[in-house]
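Here is the structure we will look at.
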Amino acid sequence: MTARCARRKVFNQPSWIIQSSTVQACLTETGGHLGPVTFDRQKRNIQPYHVAPWHAEKLEPGTPPIIRVLRGDFFCMPFGGNTTPFGREKHPVHGETANQRWTLESVTREGGMTCLHASLKTQIRRGRVDKYIVLADGHNAVYCRHVLSGMSGPMNLGHHANLRFPDSPGSGLLSFSPWRFGQVWLEPTEKPEQRGYSILRPGAQFKRLDRVPMITGGYADLSRYPARRGFEDIVHLIADPRAPIAWTAVTFPGERFVWFALKDPRVLNGTLMWMSNGGRHYPPWNGRHVNVMGLEELTSFFHTGLAESARPNAHTRRGIPTVLQLDRQRPTVVNYVMAVAAIPAGFDRVKRIEPDTGQVTLIAASGRRVVVPLDEAFVLSGR
């Protein structure tokens with residue numbers, strides 16, 4: 001049945017607000033950014049997502065909508081900078097889906113489930129994207145589904161979740177389901193002559209998250225964050241496509257919770273780690289965007305854009321797809337789940353996530369376990 005949906009400004013952006021017994025979620029009209037999201041809202045009010053510090057400021061003319069709104073998680077199509085046109089298509093940064101105004105189609109509530117449905121008619125490559133944000137009573141999770149219809153041809157895409165970390169070095173412990181290899185972006189993520197700084201060695205490949213080469217010599221440990229204050233870096237992890245479900249997790253032992261995300265690695269085959277810790281000194285970043293990490297589930301050639309992802313590149317030469325092939329006659333469905341779990345003392349880095357019917361079990365390296373109500377089948381079925 002139709003449900004009421006509050007609409008008001010949240011951090012200076014008109015937003016639709018829905019809630020379940022456990023979660024409240026805000027979705028911006030502009031760009032469809034999902035945030036803030038409050039998990040465990042009747043007890044601890046956990047808000048893991050980042051909101052840009054300039055949300056209430058007057059920014060320079062020409063600042064893209066995505067930068068003005070920047071918060072939480074948003075769907076990118078095509079993913080990346082898109083500075084190079086693809087044929088006659090010239091997309092904005094992270095695509096129309098992250099910049100243009102969405103239309104609210106409906107909010108429904110039935111059987112303990114609340115579903116917000118919004119849509120966007122794309123103009124650069126004409127078609128339609130339907131966004132479904134689903135909350136389930138008793139689940140500290142957000143179920144996201146995007147349905148792409150009316151479009152054909154190659155497309156790189158992904159989710160762009162931005163997490164806020166406590167201002168304490170190494171306060172978040174990162175872990176991932178099995179991955180094939182990792183690589184630092186092929187060029188410096190930021191350049192001093194453009195008022196930006198990076199420290200990881202461009203193009204470096206690695207198989208251990210705690211041993212990633214730096215330009216200064218030695219190695220960085222990417223399994224703990226915040227770290228490397230004053231630098232901005234991007235690395236790409238390629239998931240093992242044989243896994244039934246792939247996952248990303250961050251344990252916050254001091255705050256006693258884990259944030260985690262689930263995906264289908266055959267749809268979103270990589271994770272981009274955007275480590276933003278004060279390395280950009282141009283507006284509106286101005287050295288103040290710190291303790292933020294984007295954990296971005298995608299199929300793309302890094303963060304470059306559609307043109308670079310659709311043509312042969314370093315990943316495709318290794319047999320790794322960097323685009324999906326859209327079909328006008330058959331909609332493409334992208335499913336994604338983000339969730340939070342309270343943890344006991346002694347629960348450290350997530351070692352495994354084991355799905356079961358109606359729940360998942362998070363197992364720490366220490367051996368501690370947490371069982372979380374979750375519809376893991378949504379990742380594959382999108383029901």
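For the range 231-250, does any single residue satisfy the condition of being at pLDDT 95 or above, in contact with a Gly (Cβ under 9 Å, 6 or more places away or on another chain) and not in a strand (DSSP E or B)?
no
For residues that are over 29 Å from Phe79 (Cα atoms) and of a type in the set (A, V, I, L, M, F, W, C), scanning just the range 1-47, find the one that is surrounded by the most Cβ atoms within 10 Å (Cβ to Cβ). So that I can check it myself, show each step before the final result.
Applying the first criterion (over 29 Å from Phe79 (Cα atoms)) to the range 1-47 yields 1-6, 20-22, 40-45.
Next, only the ones that are of a type in the set (A, V, I, L, M, F, W, C) stay: 1, 3, 5-6.
Values: Met1: 5, Ala3: 14, Cys5: 17, Ala6: 13.
Taking the candidates together, the pick is Cys5.
Condition first: aliphatic (A, V, I, L, M), more than 30 Å from Lys43 (Cα to Cα) and surrounded by 19 or more Cβ atoms within 10 Å (Cβ to Cβ). Now tell me which residues in the range 137-170 satisfy that.
Passing the criteria: Leu148, Met155, Leu157.
Of all the residues that make up the range 137-179, how many are assigned to a strand (DSSP E or B), within 23 Å of Gly32 (Cα to Cα) and among the hydrophobic types (A, V, I, L, M, F, W, C)?
9
Which residue is nearest to Gly32 (Cα to Cα), if the candidates are limited to the range 120-136 and must be buried (at least 17 other Cβ atoms within 10 Å of the Cβ) and of a type in the set (Lys, Arg)?
The qualifying residue nearest to Gly32 (Cα to Cα) is Lys131.
Tally up the residues in the range 212-254 that are buried (at least 17 other Cβ atoms within 10 Å of the Cβ) and more than 19 Å from the chain's Cα centre (by Cα), please.
8
For the structure I just gave you, tell me whether Ala261 is of a type in the set (Gly, Ala, Ser), outside any loop (DSSP other than H, G, I, E, B) and closer than 23 Å to Leu209 by Cα. Explain how you work it out, then say what you get.
Details: of a type in the set (Gly, Ala, Ser): yes; outside any loop (DSSP other than H, G, I, E, B): yes; closer than 23 Å to Leu209 by Cα: yes.
The answer is yes for Ala261.
Here are some conditions: (1) in contact with a His (Cβ under 6 Å, 6 or more places away or on another chain); (2) on the phi < 0 side of the Ramachandran plot; (3) assigned to a loop (DSSP other than H, G, I, E, B); (4) not hydrophobic (A, V, I, L, M, F, W, C). Gly287 meets all but one. Which one does it not meet?
Here Gly287 meets the rest and fails (2).
Has the range 333-354 got at least one residue that is in contact with a Gly (Cβ under 6 Å, 6 or more places away or on another chain), modelled with pLDDT of 95 or more and surrounded by fewer than 23 Cβ atoms within 10 Å (Cβ to Cβ)? Even if it seems obvious, please write down each step before you answer.
Here is the first cut: in the range 333-354, the ones in contact with a Gly (Cβ under 6 Å, 6 or more places away or on another chain) are 333, 335.
Filter once more, so that each one left must be modelled with pLDDT of 95 or more: 333, 335.
If we keep only those that are surrounded by fewer than 23 Cβ atoms within 10 Å (Cβ to Cβ) too, we end up with 333, 335.
Checked the range 333-354: at least one residue is in contact with a Gly (Cβ under 6 Å, 6 or more places away or on another chain), modelled with pLDDT of 95 or more and surrounded by fewer than 23 Cβ atoms within 10 Å (Cβ to Cβ).
Taking the condition of being in contact (Cβ under 8 Å) with a residue 24 or more places away in the chain and within 30 Å of Val372 (Cα to Cα), how many residues in the range 27-46 meet it? Before the answer, list the steps.
At the first step, the residues of the range 27-46 found to be in contact (Cβ under 8 Å) with a residue 24 or more places away in the chain are 27-37, 39-40, 44, 46.
Of the ones still in play, those that are also within 30 Å of Val372 (Cα to Cα) are 27-28, 32-37, 39-40, 44, 46.
Number satisfying all stated conditions: 12.
Cβ-Cβ under 9 Å, sequence separation 6+ or interchain: first residue in the range 256-281 and touching a residue at least 24 places away in the same chain (Cβ under 8 Å) and hydroxyl-bearing (Ser, Thr, Tyr), partner surrounded by fewer than 24 Cβ atoms within 10 Å (Cβ to Cβ) and in a loop (DSSP other than H, G, I, E, B). Which pairs?
Pairs found: Ser276/His50; Ser276/Trp285; Ser276/His289; Ser276/Val290; Ser276/Asn291.
Can you tell me which residues in the range 80-120 are in contact with a helix residue (DSSP H, G or I) (Cβ under 9 Å, 6 or more places away or on another chain) and either at pLDDT below 95 or within 16 Å of Met151 (Cα to Cα) (or both)?
The answer is Phe86, Gly87, Glu89, His91, Gly95, Leu120.
With the requirement that a residue be assigned to a loop (DSSP other than H, G, I, E, B) and small (Gly, Ala, Ser), what does the range 180-206 give you?
So the first thing to find is which residues in the range 180-206 are assigned to a loop (DSSP other than H, G, I, E, B), and the list is 185-191, 195, 197-199, 201-204.
Across the range 180-206, the qualifying residues are Ser198, Gly203, Ala204.
Quick check: is even one residue across the range 90-101 under 16 Å from Arg4 (Cα atoms) and touching a residue at least 12 places away in the same chain (Cβ under 8 Å)?
Looking through the range 90-101, none of the residues is under 16 Å from Arg4 (Cα atoms) and touching a residue at least 12 places away in the same chain (Cβ under 8 Å).
The values are calculated or read from the model by the stated rules, or taken from the named source; none is laboratory data. These numbers come from a predicted model, not from an experiment. As a convention, Cβ positions derive from the backbone with ideal geometry for all residues, glycine included, and neighbour counts pool all protein chains shown.
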